[in-house]
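> Take a look at the following structure, please.
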Amino acid sequence: MIDIDKYLEQLKSPRLQLAISIQTRLITYIREFLLEASFKEILPVIISPVTDPLTDYRVRGEVECYGFKYQITKSMIFHKQLALHTAPRIFCFSPNVRIETADRQNTGRHLIEFVQLDLEIRQANREEIIKLGEGLFSTVISRIKQDAWADLKTIKRELPYFEPPFKKITYEQAVKTYGQNFELKLSEELSEPAWLIDFPLEEREFYDRQDETRPGTLVDMDLIYPGGYGEALSGGEREYELEKIKSRIRLKGIDLDSYDLYLKLAERGLYPSAGFGFGLERLTRFVCGFQDIADVRLFAKKPGVYGL
Ligand code: AMP
Ligand code: MG
């Protein structure tokens with residue numbers, strides 16, 4: 001049940017008001033940065049016959065209309081690939097629904113409904129997308145420091161300027177150094193953001209491109225926040241050739257029929273591309289220096305908790 005008094009108190013809280021004002025600025029800076037870099041903004045897809053498999057999430061959000069089954073967007077990865085037919089550089093503030101397991105209720109980082117800045121570039125490689133991510137992140141941080149200094153002072157948040165290029169650490173190195181919980185441990189040690197690169201094939205979804213010169217290794221990356229805030233974004237180069245996509249789907253043990261429509265489109269040709277998804281609530285949380293992601297999100301829905 002929702003405690004109405006508590007709910008209203010949170011909606012009216014100065015802390016949330018401040019976070020939303022910071023988030024409004026962040027969205028503006030991101031949009032200005034990308035428009036300046038010749039991106040086109042596309043509108044989000046909320047339901048579709050096809051969405052990101054994200055095989056970690058056992059429950060699928062489904063809606064039935066007119067006898068057709070639609071899935072609720074877990075990520076717009078396939079729509080981004082297809083949107084490259086329309087424009088060479090695209091981005092979207094894309095709402096995602098992922099039914100995370102309830103044990104993630106108190107991580108401070110997980111919601112079941114969140115928004116990511118999702119972008120994709122035709123013919124790009126990982127190096128280009130990393131450069132873009134670094135430029136975007138450091139610009140956004142430097143602008144928020146300048147414009148929102150009074151708000152940041154109120155919440156006692158001291159943010160440094162971050163100078164690209166950021167350090168790169170391979171997945172293999174990270175696991176060797178920090179063990180299985182490497183994402184958080186690495187993040188706790190960092191004083192500036194760093195890239196985690198080269199995830200093993202079995203750790204990611206079928207659309208992350210395999211390095212042809214190093215079978216089993218993907219041409220992908222995560223950006224990790226400093227200060228223990230964990231993962232900021234995930235992305236990489238994409239598989240775009242039909243036979244490779246099919247073999248990766250099979251390798252995941254997924255039925256090819258469930259991607260029939262996507263495969264038919266891929267057969268007609270996809271562009272080589274690279275891109276990433278950057279969680280907006282997590283960015284706001286990091287900028288505010290808050291522990292709980294629910295403090296930066298109106299109508300926050302934590303895993304396992306009923307919300308408005
Ligand atoms: P992914 O493709 O799963 O890495 O998601 C892209 C980005 O969205 C992540 O790097 C996070 O910033 C954000 N994100 C993913 N899952 C969640 C979640 N459950 N709650 C809030 N943000 C999330
Ligand atoms: Mg990720």
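Values in this text are rule-based calculations from the coordinates and carry no lab data. As the structure is a prediction and not an experimental result, all values here were calculated from the model. Because the Cβ atoms are built from the backbone with ideal geometry, glycine has one as well, and the counts that use them run over all protein chains shown.
> Scan the stretch 98-118 residue by residue and report those that are over 22 Å from Ile30 (Cα atoms), among the aliphatic types (A, V, I, L, M) and not in a loop (DSSP other than H, G, I, E, B).
Of everything in the stretch 98-118, just one residue is over 22 Å from Ile30 (Cα atoms), among the aliphatic types (A, V, I, L, M) and not in a loop (DSSP other than H, G, I, E, B), namely Ala102.
> Between a residue in the stretch 277-296 that is on the phi > 0 side of the Ramachandran plot and any residue that is outside any loop (DSSP other than H, G, I, E, B), which pairs come within a Cβ distance under 9 Å, given they are 6 or more apart or on different chains?
Between residues of the stretch 277-296 that are on the phi > 0 side of the Ramachandran plot and residues that are outside any loop (DSSP other than H, G, I, E, B), the close pairs are Gly289/Leu152.
> I need the full set of residues from the stretch 236-248 which are in contact with a helix residue (DSSP H, G or I) (Cβ under 6 Å, 6 or more places away or on another chain) and without any contact (Cβ under 8 Å) to a residue 60 or more places away in the chain, in order please.
Glu239, Leu242, Ile245 - these are the residues of the stretch 236-248 that are in contact with a helix residue (DSSP H, G or I) (Cβ under 6 Å, 6 or more places away or on another chain) and without any contact (Cβ under 8 Å) to a residue 60 or more places away in the chain.
> Let me ask something else about it. Name the pairs: first residue in the stretch 104-118 and near ligand 1 (Cβ under 7 Å from one of its atoms), second residue small (Gly, Ala, Ser) and assigned to a strand (DSSP E or B), Cβ to Cβ under 8 Å, at least 6 apart or on different chains?
Phe114/Gly279; Gln116/Ser94; Gln116/Gly277; Gln116/Gly279
> Determine whether the stretch 137-147 contains at least one residue that is part of a helix (DSSP H, G or I) and within 24 Å of Leu218 (Cβ to Cβ).
Step one: list which residues in the stretch 137-147 are part of a helix (DSSP H, G or I), which gives 137-147.
Next cut, within 24 Å of Leu218 (Cβ to Cβ) only: 137.
Within the stretch 137-147 (the criterion being part of a helix (DSSP H, G or I) and within 24 Å of Leu218 (Cβ to Cβ)), the answer is yes, since at least one residue qualifies.
> Related question: Search the stretch 277-292 for residues being out of contact with any strand residue (DSSP E or B) (no Cβ under 8 Å at 6 or more places or on another chain) and either within 14 Å of Arg109 (Cβ to Cβ) or in a loop (DSSP other than H, G, I, E, B) (or both), and hand back the single one that is nearest to ligand 1 (Cβ to nearest atom).
Step one: of the stretch 277-292, the residues out of contact with any strand residue (DSSP E or B) (no Cβ under 8 Å at 6 or more places or on another chain) are 284-285, 287-292.
Retained after the next criterion (residues that are either within 14 Å of Arg109 (Cβ to Cβ) or in a loop (DSSP other than H, G, I, E, B) (or both)): 284-285, 288-292.
Details: Thr284: 11, Arg285: 9, Cys288: 15, Gly289: 16, Phe290: 13, Gln291: 14, Asp292: 12 Å.
Step by step, filter the stretch 277-292, then rank; the result is Arg285.
> Mind listing just one residue for me: the one in the stretch 208-235 that is more than 29 Å from Gly289 (Cα to Cα) and within 13 Å of ligand 2 (Cβ to nearest atom) and, of those, surrounded by the most Cβ atoms within 10 Å (Cβ to Cβ)? Explain how you work it out, then say what you get.
So the first thing to find is which residues in the stretch 208-235 are more than 29 Å from Gly289 (Cα to Cα), and the list is 208-219.
Filter once more, so that each one left must be within 13 Å of ligand 2 (Cβ to nearest atom): 208, 218.
Numbers: Asp208: 21, Leu218: 24.
Checked the stretch 208-235; the qualifying residue surrounded by the most Cβ atoms within 10 Å (Cβ to Cβ) is Leu218.
> Pick out the one residue from Leu233, Leu186, Leu196 that is in a helix (DSSP H, G or I) and touching a Leu at 6+ places or on another chain (Cβ under 9 Å).
Working: Leu233 fails: in a helix (DSSP H, G or I); Leu196 fails: in a helix (DSSP H, G or I).
Matching residue, one of Leu233, Leu186, Leu196: Leu186.
> Is it fair to say Leu11 is touching a residue at least 40 places away in the same chain (Cβ under 8 Å) and surrounded by 13 or more Cβ atoms within 10 Å (Cβ to Cβ)?
Values: touching a residue at least 40 places away in the same chain (Cβ under 8 Å): yes; surrounded by 13 or more Cβ atoms within 10 Å (Cβ to Cβ): no.
So Leu11 does not fit the description; no.
> Do any helices (runs of 4 or more DSSP H) lying entirely in the stretch 4-93 carry at least 3 residues that are under 24 Å from Phe278 (Cβ atoms), and which ones are they?
On the way: elements: 4-11, 14-36, 77-83.
In the stretch 4-93, the matching helices (runs of 4 or more DSSP H) lie at 14-36, 77-83.
> Sort through Tyr178, Tyr225 and tell me the only one that's of a type in the set (Ser, Thr, Tyr), in contact with a helix residue (DSSP H, G or I) (Cβ under 7 Å, 6 or more places away or on another chain) and in contact (Cβ under 8 Å) with a residue 40 or more places away in the chain.
Numbers: Tyr178 fails: in contact (Cβ under 8 Å) with a residue 40 or more places away in the chain.
After applying the criteria, what remains is Tyr225.
> Could you count how many residues in the stretch 252-276 are of a type in the set (A, V, I, L, M), over 18 Å from Met76 (Cβ atoms) and either touching a residue at least 12 places away in the same chain (Cβ under 8 Å) or within 16 Å of ligand 2 (Cβ to nearest atom) (or both)? Step through it out loud before you land on a result.
Just the residues of the stretch 252-276 that are of a type in the set (A, V, I, L, M), to begin with: 254, 256, 261, 263, 265-266, 270, 274.
The next check asks that each one be over 18 Å from Met76 (Cβ atoms); those that pass are 254, 256.
Narrowing further to those that are either touching a residue at least 12 places away in the same chain (Cβ under 8 Å) or within 16 Å of ligand 2 (Cβ to nearest atom) (or both): 254.
The total comes to 1.
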